């Protein structure tokens, strides 16, 4: 703790009449620093700023006043709030103002300008080169053909000549042959460098990596190869392969059911949204043709749009006009909620929205839209019944946003420093990767851009049955939430050491006795469902003008979660069999977490070998 103690401020006892407050909308905004507080006596305390460790002594009355200034507001607004909430200060406007001015001088009340200057003071990191553009493909030749056709149009327009790599996880031989032929034709037509990694190439690559890192053979096969008897989605295998083939560089990743061009919604705007609780943005359309035509096609290189910001520092980011911070973007935000932003923060990955099909298997998020989105969702009953399947939509953000983790697959990745692997099996591999990445790099964030990529699934999917059920997270969602609970608890700076800590944390829970694992699962599911009920009830109470069919479905979801909350059913996660009893759930949790821990232990050595191999690893496929 700093020894530089600044002693208490006191309010003038002479009362002054309160005056009407009309804050100037152009006046500077101020917010109080986040701090730890310890009592010294009945009237004094120590206020230790978390960011710097500096300590200040003040009276509890000043502390109470400072506590009313957590959000960015004008000085006049803070004074008015303190007068209305702190007893005895109703008539002491001038005294309160003098004390707040003193707190500003002591850097305990931070102006919007000062906050922005602090963020911009960091060094500009060097950006790694682009290794390749990877495409995850799996038994969907029609989708891959459409994606490659859209990339062909991009290449003809921009003549970028980038390297494209198809990571084919197909099972059917006819699809493997078709995917290989599509890539050959793409290369023949455009002259771009391409690499095909099918099952045979993947097997050879695993054998080569196994010889180089022989002590992690089992984990290597588990992370990159299909496992006998596994029935879950296996998109994490190609994700992990892309991370190894690009180690030390940046890369871009598509899924085969996506397509260009990138489009920008007409409601999108410049600037940076720092609100951590921003409501989701979505608009709904009558058919796929309307959804695909929504917004405006980007004229600039869509890859460069992401690569220009992937890996840069926060100071450089906010120095650009399209991502700048302004007074209005900070108004009302709690400074403590922005503690993840500092001068060392960098953009670890970028993502974007989708137009066409939704990017999630559940559409429960549609019940948390803002008033405009809800009105679009519920235009009439027939439109509502179609829209709840989230098949013809625009889903994303109106303004660029920074977040600690992403619940959806990023588009560009800065893999210049160790990025963690993800679970080879199960949905939610994107969120798990993002949480582990932020655990390994606490000063790195994901930037979501206000643009969208086309997303056309191979068939119409019904999302409403899952949306209306009780919330039952999958294994990867459970692991994601468990990792988030560890944020801020560890001090190591080396990402490989932090990934080892994550492995130890998972082994700790996996090593608990059966009763403890069952209890933990029950507590987790109860928390998730109680949180869903609370959020839905708040949304319901604020949507007094919503149509009755929307209200009925919200009540139904609340009821489903309530019944699940009090039921005595086994604590099953979403990937597990309905036949599992509590003991089977406990055993499954142990196995899932142990396998993840094995992967996290093996990954740093594998990634480092891949980084040292450089282009040779990809060239040798």
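The values are calculated or read from the model by the stated rules, or taken from the named source; none is laboratory data. Since this is a predicted model, take the numbers as computed values, not measurements. Counting neighbours? That spans all protein chains shown, and the Cβs are built from the backbone with ideal geometry, glycine included.
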Filter segment 318-332 for residues that are surrounded by fewer than 16 Cβ atoms within 10 Å (Cβ to Cβ) and at pLDDT below 90; the one that is farthest from residue 75 (Cα to Cα) is 326
Selection over segment 92-127 where residues are in contact (Cβ under 8 Å) with a residue 24 or more places away in the chain and within 30 Å of residue 240 (Cβ to Cβ) yields a count of 2
May I ask you to verify whether residue 179 is crowded, with 18+ Cβ neighbours inside 10 Å, at pLDDT below 95 and assigned to a helix (DSSP H, G or I)? no
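Scan segment 540-555 residue by residue and report those that are surrounded by fewer than 17 Cβ atoms within 10 Å (Cβ to Cβ) and either more than 28 Å from residue 569 (Cα to Cα) or touching a residue at least 12 places away in the same chain (Cβ under 8 Å) (or both).
Just the residues of segment 540-555 that are surrounded by fewer than 17 Cβ atoms within 10 Å (Cβ to Cβ), to begin with: 541-542, 544-545, 547-549, 551-552, 555.
Hits for segment 540-555 are 541, 542, 544, 545, 547, 548, 549, 555.
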Within segment 491-510, work out how many residues are touching a residue at least 12 places away in the same chain (Cβ under 8 Å) and over 23 Å from residue 475 (Cα atoms). 2
Can you confirm whether residue 166 is within 26 Å of the chain's Cα centre (by Cα), closer than 25 Å to residue 300 by Cβ, surrounded by 17 or more Cβ atoms within 10 Å (Cβ to Cβ) and at pLDDT 95 or above? no
Taking residue 521 and the conditions (1) in contact with a helix residue (DSSP H, G or I) (Cβ under 7 Å, 6 or more places away or on another chain); (2) more than 22 Å from residue 232 (Cβ to Cβ), which numbered condition does it fall short on, given that it satisfies the others? (2)
Per-region count, segment 216-238, residues in contact (Cβ under 8 Å) with a residue 24 or more places away in the chain and exposed (fewer than 15 other Cβ atoms within 10 Å of the Cβ): 3
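Within segment 556-575, take every residue that is in a helix (DSSP H, G or I) and over 26 Å from the mean Cα position of the chain (by Cα) and give me the one that is surrounded by the most Cβ atoms within 10 Å (Cβ to Cβ).
Pass one, segment 556-575, residues in a helix (DSSP H, G or I): 556-566.
Filter once more, keeping what is over 26 Å from the mean Cα position of the chain (by Cα): 556, 559-560, 562-566.
Working: 556: 13, 559: 13, 560: 17, 562: 15, 563: 12, 564: 19, 565: 17, 566: 8.
Across segment 556-575, the extreme among qualifying residues is 564.
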What's the total number of residues in segment 537-555 that are more than 17 Å from residue 465 (Cα to Cα) and in a helix (DSSP H, G or I)? 7
Looking at segment 473-484, can you tell me whether even one residue there is in contact (Cβ under 8 Å) with a residue 12 or more places away in the chain, crowded, with 21+ Cβ neighbours inside 10 Å and more than 29 Å from residue 553 (Cβ to Cβ)? yes
Could you check residue 341 against (1) out of contact with any helix residue (DSSP H, G or I) (no Cβ under 8 Å at 6 or more places or on another chain); (2) within 17 Å of residue 446 (Cβ to Cβ) and say which number it fails? (1)
Based on what the data block shows, is residue 582 within 18 Å of residue 469 (Cβ to Cβ) and either surrounded by fewer than 17 Cβ atoms within 10 Å (Cβ to Cβ) or in contact with a helix residue (DSSP H, G or I) (Cβ under 9 Å, 6 or more places away or on another chain) (or both)? no
Name, by its number, the condition in (1) more than 26 Å from residue 340 (Cα to Cα); (2) modelled with pLDDT of 95 or more; (3) not in a strand (DSSP E or B) that does not hold for residue 104. (1)
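For segment 592-621, enumerate the residues that are assigned to a loop (DSSP other than H, G, I, E, B) and at negative phi.
Taking segment 592-621 as the starting set, the residues that turn out to be assigned to a loop (DSSP other than H, G, I, E, B) are 614, 620-621.
Once the filter is applied, which keeps residues that are assigned to a loop (DSSP other than H, G, I, E, B) and at negative phi, segment 592-621 yields 620, 621.
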The helices (runs of 4 or more DSSP H) lying wholly within segment 277-377 that contain at least 3 residues that are touching a residue at least 60 places away in the same chain (Cβ under 8 Å) and under 23 Å from the mean Cα position of the chain (by Cα) are 302-307, 314-318
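Only one of 503, 492 is in the same structural domain as residue 344 (by TED's automatic domain parsing), closer than 30 Å to residue 418 by Cα, assigned to a loop (DSSP other than H, G, I, E, B) and touching a helix residue (DSSP H, G or I) at 6+ places or on another chain (Cβ under 8 Å); which?
Residue meeting the stated conditions: 492.
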Within segment 150-176, residues being in a helix (DSSP H, G or I), in contact with a strand residue (DSSP E or B) (Cβ under 8 Å, 6 or more places away or on another chain) and touching a residue at least 40 places away in the same chain (Cβ under 8 Å) number 4
Given (1) buried (at least 21 other Cβ atoms within 10 Å of the Cβ); (2) in contact (Cβ under 8 Å) with a residue 40 or more places away in the chain; (3) in contact with a helix residue (DSSP H, G or I) (Cβ under 7 Å, 6 or more places away or on another chain), residue 130 misses just (1)
Return yes when residue 45 is surrounded by 14 or more Cβ atoms within 10 Å (Cβ to Cβ), modelled with pLDDT of 95 or more and in a loop (DSSP other than H, G, I, E, B) and no when it is not. no
